[in-house]
Amino acid sequence: MHPSRVRAIFRRLQAANPRPTTELEYSTPFELLVAVALSAHTTDKSVNAATRQLFPVANTPQKILALGVEGVKPYIKPVGLYNTKSKNLIELCRRLVEEHGGDVPRDRAALESLPGVGRKTANVILNMVFGETTIAVDTHIFRVANRTGLAEGSTPRAVEDQLNEVVPAEYKKDAHHWLILHGRYVCTARLPACPRCIISDLCEYPNKTAPRDLSKSDALAAGADGSAPARSAAARPAVARVARPKSGATAAKTRASSGRASSTRSSRGALTSTSRSRRS
Ligand code: SF4
């Protein structure tokens with residue numbers, strides 16, 4: 001993708017959401033580390049449901065360590081894989097206490113050596129806690145980067161490396177938030193909402209969803225019960241207002257996702273909130 005197009009994409013995402021942030025709830029670096037570690041293979045919503053119960057009881061490594069594996073299991077159960085995640089969480093706390101004085105380390109190698117902490121989690125911590133311009137590639141970013149042509153790669157690391165090369169410096173700090181939110185609420189896995197996507201004219205995905213199929217995309221994004229998760233203002237997705245076409249509009253056949261295979265998370269959130277950002 002031409003650098004001017006990359007810059008235009010981020011300029012537009014920034015204009016629509018100047019202060020993006022995570023949807024995980026936390027108040028300390030340690031709480032964020034726990035929340036991100038627990039978020040593997042599950043939704044932020046279910047992690048928040050768990051940590052709302054856990055953190056009032058124990059929100060330091062020492063306190064969680066005191067609960068023990070069996071003690072934390074009831075809190076971890078809602079996020080799935082709770083046996084493994086409970087063991088990892090206790091071991092994580094033990095290592096933080098024994099090796100880092102209970103603090104979250106700033107060093108990537110130290111972070112990635114902790115149980116349940118991989119490169120993605122380390123990138124989130126380095127970015128959000130320590131202000132580094134790391135780009136954490138999750139399933140949403142992997143999909144959006146490949147579809148749009150921002151960064152094409154067969155592994156998260158390949159996509160991360162390319163994004164680090166192409167994203168302009170002034171957008172790097174928030175790039176992963178913009179791309180995650182865009183993937184979660186607009187460029188969804190099963191059927192992207194291209195007709196109301198604010199970067200549609202810049203995106204190089206060849207199989208964009210046709211306007212006549214937008215309602216299908218909305219229904220898939222909203223979920224079977226039509227509900228939508230609560231979203232903070234900072235996390236609000238950037239979507240463009242779109243006029244619904246009259247019946248009979250022709251368009252290219254849609255294809256769900258080039259990144260579908262990597263996505264196990266359901267993308268929820270009805271796209272009822274619309275805003276128009278200034279096109280650049
Ligand atoms: S135009 Fe469609 S495929 Fe491209 S980024 Fe927007 S929602 Fe995704």
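When +1 charges are put on Lys and Arg Cβ atoms and -1 charges on Asp and Glu Cβ atoms, the dipole computed for region 29-126 relative to its Cα centre reaches about 300 debye. What is the distance in Å between the Cα centres of region 13-65 and region 149-208? Computed from Cα coordinates, the inter-centre distance equals 23 Å.
For C197, the residues whose amide H sits under 5 Å from its own are A240, ignoring neighbours fewer than 5 places away on the same chain, with H placed 1.01 Å from N. The stretch between S113 and T60 holds 17.2 nm of extra length on full extension. This uses 0.36 nm per residue minus the Cα-Cα distance.
Pairs spanning more than 31 Å between alpha-carbon atoms, out of K45/K87; K120/K208; K63/K172; K73/K172; K87/K120; K87/K172: K63/K172; K73/K172; K87/K172. Residue-wise HN-Hα couplings along region 26-31, as the Karplus relation 6.51 cos²θ - 1.76 cosθ + 1.60 with θ = phi - 60° gives them from phi, are 7, 10, 9, x, 5, 4 Hz; Gly and Pro carry x.
Starting from one equal scatterer on each C-alpha and no solvent at all, send me the Debye-based log10 I(q)/I(0) for region 29-126 at q = 0.10, 0.11 Å⁻¹, two decimals. Debye intensities relative to I(0), on a log10 scale: -0.21, -0.26.
Taking every C-alpha pair closer than 8 Å and separated by at least 6 residues, the mean separation divided by the residue count of region 29-126 gives a relative contact order of 31 percent.
Where a number appears in this text, it was derived from the coordinates with a stated rule and is not lab data. Everything quoted here is computed from the prediction, not taken from an experiment. Ideal geometry is used to build each Cβ from the backbone, glycine not excepted, and the neighbour counts take in all protein chains shown.
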